[in-house]
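Worksheet for the structure shown next.
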Amino acid sequence: MSFVYNLDGIDMLTGNRDEIIKIIKESINNNEKTWIITLNALMYMEYLNNETYKQAIKKANYSIPDGIGIVKYLRKRGVFSERCTGIDTMKEICDYSSKNKLRIFLLGSKENYVFKATKKIEEEFGVKVSGYSDGFFDQTREKNIVDKINESKADVLFVGMGIPKQEDFILRNIDNINCKFFMGVGGSIDVFSGEMKRAPVFYQKIGAEWLYRMIVEPKRFKKLPELFKFYSKIYFKR
């Protein structure tokens, strides 16, 4: 069973993972523009502290519980939900796109990484990736990127530029992009490219992919204070 729960102003799809995925696919099948946020603790803190990012989260159709911290916060509020991770959701949408002859556009990462990810996704899912572009551009080039996406006739747009950039990009351009489905995917493009390893199963099972990423990318340790603030909020504040 899955239902929408309002978490501090965020419309969260919660419940059974398979049911969450089913609702997302049904939304795409209804030819609605569907924007999904894969919410984790750091994104939640950005939502609290960044007004533009808050607008993005609120404009999206749904957020889904990507991070174990969000699952725990929901549980503290009396709401059960399984995790529905961003990369697994991306795989589900790639598979759905293949079966329904939808085209995909990848936006983000470095040029050679996104090229490799394109080939991997086409090979693994038998889906058409009709276009791609790296994520290193400023707003003066945004119209060219939007035009490229539309010219590709893509139905699905995955944006992997990290937070808050990927959601800010979608917020600014969703009304001018002719895709059916939009999702920020963080580092998933890098994982598909083979240039970054997904966290081992042990870390996945305990919901500590974030820790693995910090171990392999020490610069991410600067985000620890925000994680501490998040857990302080859910465990020590009423």
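The values are calculated or read from the model by the stated rules, or taken from the named source; none is laboratory data. The structure displayed is predicted, hence computed values, not measured ones. Please note: Cβ atoms are built from the backbone with ideal geometry, for glycine as well, and neighbour counts cover all protein chains shown. We work out accessible area using only protein heavy atoms, side chains counted, and drop any ligands, DNA or RNA first. Shrake-Rupley method; radii C 1.70, N 1.55, O 1.52, S 1.80 Å.
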remark   = How many residues of region 122-139 are in contact with a Leu (Cβ under 7 Å, 6 or more places away or on another chain) and open to solvent by 40 Å² or more (accessible area, probe 1.4 Å)? The answer is 1
request  = State whether one or more residues within region 126-134 are among the aromatic types (Phe, Trp, Tyr), part of a strand (DSSP E or B) and touching a Ser or Thr at 6+ places or on another chain (Cβ under 6 Å).
outcome  = yes
key: Those residues of region 146-158 which are surrounded by 19 or more Cβ atoms within 10 Å (Cβ to Cβ) and either part of a strand (DSSP E or B) or not small (Gly, Ala, Ser) (or both), in sequence order   = ILE149, ASP155, VAL156, LEU157, PHE158
message = Here's a check for you: in region 172-193, which residue that is outside any helix (DSSP H, G or I), touching a residue at least 40 places away in the same chain (Cβ under 8 Å) and closer than 21 Å to ASN100 by Cβ is most open to solvent (accessible area, probe 1.4 Å)?
response = LYS180
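In region 96-108, how many are open to solvent by less than 50 Å² (accessible area, probe 1.4 Å) and either outside any loop (DSSP other than H, G, I, E, B) or at pLDDT below 95 (or both)?
Taking region 96-108 first, the residues open to solvent by less than 50 Å² (accessible area, probe 1.4 Å) are 96-98, 102, 104-108.
Next, only the ones that are either outside any loop (DSSP other than H, G, I, E, B) or at pLDDT below 95 (or both) stay: 96-98, 104-108.
Looking only at that region, the number is 8.
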message = Being touching a Ser or Thr at 6+ places or on another chain (Cβ under 7 Å) and either of a type in the set (Lys, Arg) or closer than 22 Å to SER188 by Cα (or both) is the requirement here; does ILE70 meet it?
response = no
key: Which listed residue is within 26 Å of PHE3 (Cα to Cα), touching a helix residue (DSSP H, G or I) at 6+ places or on another chain (Cβ under 7 Å) and of a type in the set (A, V, I, L, M), from ILE87, ILE93   = ILE87
request  = Test LYS197 against the criterion of being modelled with pLDDT of 80 or more, under 18 Å from the mean Cα position of the chain (by Cα) and open to solvent by 60 Å² or more (accessible area, probe 1.4 Å), and give yes or no.
outcome  = no
